[in-house]
Amino acid sequence: GQQLNQSPQSMFIQEGEDVSMNCTSSSIFNTWLWYKQDPGEGPVLLIALYKAGELTSNGRLTAQFGITRKDSFLNISASIPSDVGIYFCAGQAGTASKLTFGTGTRLQVTL
Amino acid sequence: GAGVSQSPSNKVTEKGKDVELRCDPISGHTALYWYRQSLGQGLEFLIYFQGNSAPDKSGLPSDRFSAERTGGSVSTLTIQRTQQEDSAVYLCASSPTSGSMGEQFFGPGTRLTVL
């Protein structure tokens, strides 16, 4: 099935640094979502974006819904060790429809 | 409150055997989704149930895969004549209402290994 292009594939950063990752699609989505997945668990929703151009924050996380509706980015500021995990973007074409996921960004944080 | 639960958490089976995976969605959620996650990959949509509507089966990879949802709640994903390429984590998610704005809540998954 289709997967969205997500980059970078992995990141190794030091505690306290800022992180940026992005996601692009060849098709338009009406909703963009960012999830975090820890080992052995299901993804947990971090941020949901519903309008093109929307910029939304959740604590140290900031995400934007691209104006073309074909891309989104997620920023994490002042990273901490518990930020370690795999981050997935997901696009949704309509309300309550299936999600199309990105390929994931694996984040490692060193002290 | 209770989240989405799935059972079993791990399943090891032999090639050719049938398996059933169970999902208990969050109470009151009308939409239920199954996804598959292969090692190191993102999630791949399999099937989606919404209320009493016909399910969206567009993601099922072959006719060996089927799913049902009884009483608008519990769902079972069945894989017949399992193959080694079916090995993956199978994740279930549920969503509050038909008009929900995308928040899908995931269970911990069932890790399936086909020997």
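The values are calculated or read from the model by the stated rules, or taken from the named source; none is laboratory data. Given the structure is predicted, the values throughout are model-derived calculations rather than measurements. When we count neighbours, we look across all protein chains shown, and the Cβ atoms used for this are built from the backbone with ideal geometry, even at glycine. The area values use the complete protein model at the heavy-atom level, side chains included, leaving out ligands, DNA and RNA. Shrake-Rupley method; radii C 1.70, N 1.55, O 1.52, S 1.80 Å.
Just a few scattered comments:
- Single match in B:Q104, B:Q50, B:Q83, B:Q41 (criterion: touching a Pro at 6+ places or on another chain (Cβ under 9 Å) and either of a type outside the set (F, W, Y) or under 14 Å from A:S97 (Cα atoms) (or both)): B:Q104
- When the strands (runs of 3 or more DSSP E) confined to the range A:1-82 are screened for residues that are more than 10 Å from every other protein chain (Cβ to nearest Cβ), within 14 Å of the chain's Cα centre (by Cα) and under 28 Å from B:G109 (Cα atoms), those reaching at least 2 such residues are found at A:5-7, A:10-14, A:19-24, A:31-37, A:44-49, A:61-65, A:71-76.
- Residues satisfying the stated conditions in the range A:83-111, i.e. open to solvent by 50 Å² or more (accessible area, probe 1.4 Å), more than 8 Å from chain B (Cβ to nearest Cβ) and either out of contact with any strand residue (DSSP E or B) (no Cβ under 6 Å at 6 or more places or on another chain) or assigned to a loop (DSSP other than H, G, I, E, B) (or both): A:V84, A:A93, A:L111
- Scanning the range A:14-35 for residues that are surrounded by fewer than 20 Cβ atoms within 10 Å (Cβ to Cβ) and touching a helix residue (DSSP H, G or I) at 6+ places or on another chain (Cβ under 9 Å) yields one hit, A:E15.
- Matching residues in the range A:68-79 - criterion: being at pLDDT 95 or above and of a type in the set (V, I, T): A:I76
- Considering the range B:9-21, the residues that are part of a strand (DSSP E or B) and either open to solvent by 40 Å² or more (accessible area, probe 1.4 Å) or among the charged types (D, E, K, R) (or both) include one that is farthest from A:T100 (Cα to Cα), namely B:V12.
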